[in-house]
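S.K.: This is the structure I have questions about; it appears just below.
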Amino acid sequence: MMRLLAAALTATLLLSGCVTTPTASIRPGLTAAQVANPIPKPGGLTYRWVLTRSDDADFQAVMRLRSTRLSGGRTRYDGAVSIALPPGADLPANANEISRQIADRVFGDPNAGVRFRDDRIEIPASFTMIPQGQMTAVRLLAAATRHQPHDCFAVLGTCSYTNITRLGGRDVRSRVDVTTTETDGIWRANFRSSRGDTSRQVYSIDQNGVLLDALLFDREDGRSVVTKFQRQ
């Protein structure tokens, strides 16, 4: 989920700004021993994260998700990513048409529900989590993607999964290998895909087995970019 989001933020809105570093530190959360067994995930809760980027001091985004219990102990989280327009930008006169173009570019569906609201653009988001805490389906600033068997979130050691994304009427698959460690409630993961992409994450987990804070380290256009998720 988080790797898709970090990579797509720049592709969705072209924002400019000076280089800075996301400030607030990662707060420790649950340890590997505490997530060894499935954690009940309550429905009806709303989670909120503030997102910042190291390459743009003006970038402002908020992700809100609300949980719903499903059968088999699964939980679905639905909501949106709300991204502020650049400072001084006015709402375009053809906002509806632009939102349809963005939806078509991001999701491959012009009717995917992207919309402008005042000085922000809202993009739908959802994902499904199994009782053990890993995600199996994501719709987040990209075409709907399935993870088989899951996305290896909070799995110690080496873990692999397959991304399956529906594009142009066909399934596009890629393998992702993940190596994860945990110390004092701080998790560190290194990713390598079959397409040669690499990235790393530092994150923590709350008492419900949901992401608390995270730092995502990626390379975009030959430069390093850090995306910060901080729970509010």
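S.K.: Would it be correct to say that residue 167 is open to solvent by 10 Å² or more (accessible area, probe 1.4 Å) and modelled with pLDDT of 95 or more?
M.R.: On the way: open to solvent by 10 Å² or more (accessible area, probe 1.4 Å): yes; modelled with pLDDT of 95 or more: no.
Judged against the criteria, residue 167 is not a match.
S.K.: State all residues of segment 130-178 that are of a type outside the set (S, T, N, Q), more than 24 Å from residue 212 (Cα to Cα) and over 14 Å from the mean Cα position of the chain (by Cα); if no residue qualifies, say none. First the steps, then the outcome.
M.R.: Initially, segment 130-178 is screened for residues of a type outside the set (S, T, N, Q), giving 130-131, 133, 135, 137-144, 146-147, 149-157, 159, 161, 164, 166-173, 175-178.
Adding the requirement that they be more than 24 Å from residue 212 (Cα to Cα) leaves 143, 164, 166-173, 175.
Listed by number, the residues that qualify are 164, 166, 167, 168, 169, 170, 171, 172, 173, 175.
S.K.: Here is a further query. Restricting to segment 50-63, name every residue that is of a type in the set (Phe, Trp, Tyr) and open to solvent by 60 Å² or more (accessible area, probe 1.4 Å). Let's see the steps before the verdict.
M.R.: Step one: list which residues in segment 50-63 are of a type in the set (Phe, Trp, Tyr), which gives 59.
None; the set is empty.
S.K.: Among the listed residues 126, 194, 199, 160, which satisfies the condition of being open to solvent by 70 Å² or more (accessible area, probe 1.4 Å) and either touching a helix residue (DSSP H, G or I) at 6+ places or on another chain (Cβ under 8 Å) or small (Gly, Ala, Ser) (or both)? Write out each step before concluding.
M.R.: On the way: 126 fails: open to solvent by 70 Å² or more (accessible area, probe 1.4 Å); 199 fails: open to solvent by 70 Å² or more (accessible area, probe 1.4 Å); 160 fails: open to solvent by 70 Å² or more (accessible area, probe 1.4 Å).
The match here is 194.
S.K.: For segment 164-185, which positions are of a type outside the set (Ser, Thr, Tyr) and touching a residue at least 24 places away in the same chain (Cβ under 8 Å)? So that I can check it myself, show each step before the final result.
M.R.: Just the residues of segment 164-185 that are of a type outside the set (Ser, Thr, Tyr), to begin with: 164, 166-173, 175-178, 182, 184-185.
Correct list: 166, 167, 168, 176, 178, 182, 184, 185.
S.K.: So how many residues does segment 64-82 have that are under 18 Å from the mean Cα position of the chain (by Cα) and either open to solvent by 60 Å² or more (accessible area, probe 1.4 Å) or among the charged types (D, E, K, R) (or both)?
M.R.: Result for segment 64-82: 4.
S.K.: Within segment 129-157, can you find the residues that are open to solvent by 40 Å² or more (accessible area, probe 1.4 Å), within 24 Å of residue 82 (Cβ to Cβ) and among the charged types (D, E, K, R)?
M.R.: Matches in segment 129-157: 139 only.
The values are calculated or read from the model by the stated rules, or taken from the named source; none is laboratory data. Keep in mind the model is a prediction, meaning the values are calculated, not measured. Cβ coordinates were reconstructed from backbone atoms using ideal geometry, including for glycine residues, and neighbour counts include every protein chain displayed. For the accessible areas, the whole protein counts, side chains as well, though only heavy atoms, and no ligand, DNA or RNA atoms are used. Shrake-Rupley method; radii C 1.70, N 1.55, O 1.52, S 1.80 Å.
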